[in-house]
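For reference, the structure is listed below as structure tokens.
Just so it is clear, none of the values below were taken in a lab; they were calculated from the coordinates. Since the model is a prediction, treat every value here as computed from it, not as a measurement. Neighbour counts run over all protein chains shown; Cβ positions are idealised from the backbone, glycine included.
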Amino acid sequence: MAENLTITHLKTFLMVAQLGSFRQTAEQMQTTQPAISSRIAKLEDILQTKLLDRSTGHISLTKTGQALRPHAESMVKMADRLGEYIRDNNAVTGRISLGVTEFAVHTWLPAFLENVKIVFPELTLDLQVDTSHVLKKRLLRGDLDIVFILGPVGDERIQGFKIATHDYGWYASPNAGLLKYNFYSIPELADQYSLIMDTANSLVHREVRAYLQAADIYEPNIVSCFSSASAIQIATLGNGIAALPKRLARPAVDAGLIIPLMTDWSPSAMHFSGCVLATSCEEQHVRLIHFVKSLL
């Protein structure tokens, strides 16, 4: 039964995955090898699937185990930080208006919404989803208390707290005629394929155009998308190559819908920040931003 799943099960699974040995895992966790075997068997029973492959004489993760690993890491990390927030769970209360981008919706927001109810039970959130450009405007107007955006803050009236950095890459459909392990030149690809990316006012869009102009390509065929989900969907049709945050592209790559391309150039890594007005920076707003950071 799923309710019997514990953090200890997940920590044991992650340790075995890292060390590739039940014996070494038992030593690290200061227990016995049979106890480790029992925990793994219990976890596989709870999830009703095999997580480890021992048929070749050494321990490796099955496809299901590989899929579980990042989720288990996130859950263990959250559990390790939970006590810090629970000890002062009244620190963030009342109603807070929160603005996030589509990138957040497809990455950390589900885990945030699930855990924030536990950690801050007295908090009510008003959630808005929009582009980074619009969210910054709404923060400055006072419509939102906190916004989470991609790209530089670029305004002295806004105080930003850097949370993470996300690398970009190029992706294509497996049916686009491009090979995963070949090395490609972006200017040459731009002559043959449409370039799928964010809207024209985005940093990525402007950076790609500037790069191509430096390579004497002034009128590339660009497909502008309001969301990365739309860009992925269009890329799966095989009509172009998409510039995407690697983290956001990962599920589609794992599902075989798109493949990563080895290229001579990619858009710059994008900073992800939590932002508040510099003139009204409240402690509980900053605390909530750090809570988001703990989930990543």
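Summarising the amide proton neighbourhood of W265: residues at separation of 5 or more, or on other chains, whose placed amide H is nearer than 5 Å comprise I186.
Taking F22, F161, F112 in turn, the Gaussian network model of the chain (Cα-Cα springs below 10 Å) assigns the largest fluctuation to F22. Suppose R0 equals 45 Å; then what is the FRET efficiency for Q24 and K246 from their Cβ-Cβ distance, rounded to the nearest 0.05? The pair Q24/K246 has a calculated efficiency of 0.90. Cross-link partners of K246 among lysines, defined as those whose alpha carbon lies under 28 angstrom from its own and excluding same-chain residues fewer than eight positions apart: K11, K50, K63, K77, K136, K137, K162, K180, K293. Look at the alpha carbon pairs under 8 Å that are at least 6 residues apart: their mean separation over the length of the chain gives a relative contact order of 21 percent.
Charge tally around P220: other residues with Cβ under 10 Å, Lys/Arg +1 each, Asp/Glu -1 each, net -1.
One way to sum up the overall shape of the chain is the equivalent ellipsoid from its Cα gyration tensor, whose semi-axes run 36, 31, 14 Å, largest first. For Y168, the amide hydrogen comes within under 5 Å of the amide hydrogens of K246, A269, M270, counting only partners 5 or more places away or on other chains and with H modelled in the peptide plane. Between V134 and H271, the modelled label-to-label distance comes to 2.5 nm, taking each label 7 Å out from Cα in the direction of the beta carbon.
From the square roots a ≥ b ≥ c of the eigenvalues of the alpha-carbon gyration tensor of the range 2-80, which class results: rounded (a/c under 1.5), prolate (a/b over b/c), or oblate? Note, shape of the range 2-80 comes out rounded.
Within the shell of other residues whose beta carbon sits under 13 angstrom from the beta carbon of K246, the net charge comes to 0, with Lys and Arg scored +1 and Asp and Glu -1.
Stretch V223-E122 to full length: gain in nm at 0.36 nm per residue minus the Cα-Cα span?
32.0 nm
Within the shell of other residues whose beta carbon sits under 12 angstrom from the beta carbon of V153, the net charge comes to +1, with Lys and Arg scored +1 and Asp and Glu -1.
Couplings 3J(HN,Hα) for the range 262-274, derived from phi with the Karplus relation 6.51 cos²θ - 1.76 cosθ + 1.60 (θ = phi - 60°), are 8, 10, 7, 7, 9, x, 4, 4, 10, 7, 10, 10, x Hz, where x marks Gly and Pro.
Close amide H partners of V223, meaning residues 5 or more places away or on another chain with modelled amide H under 5 Å apart, are L195, I196, M197.
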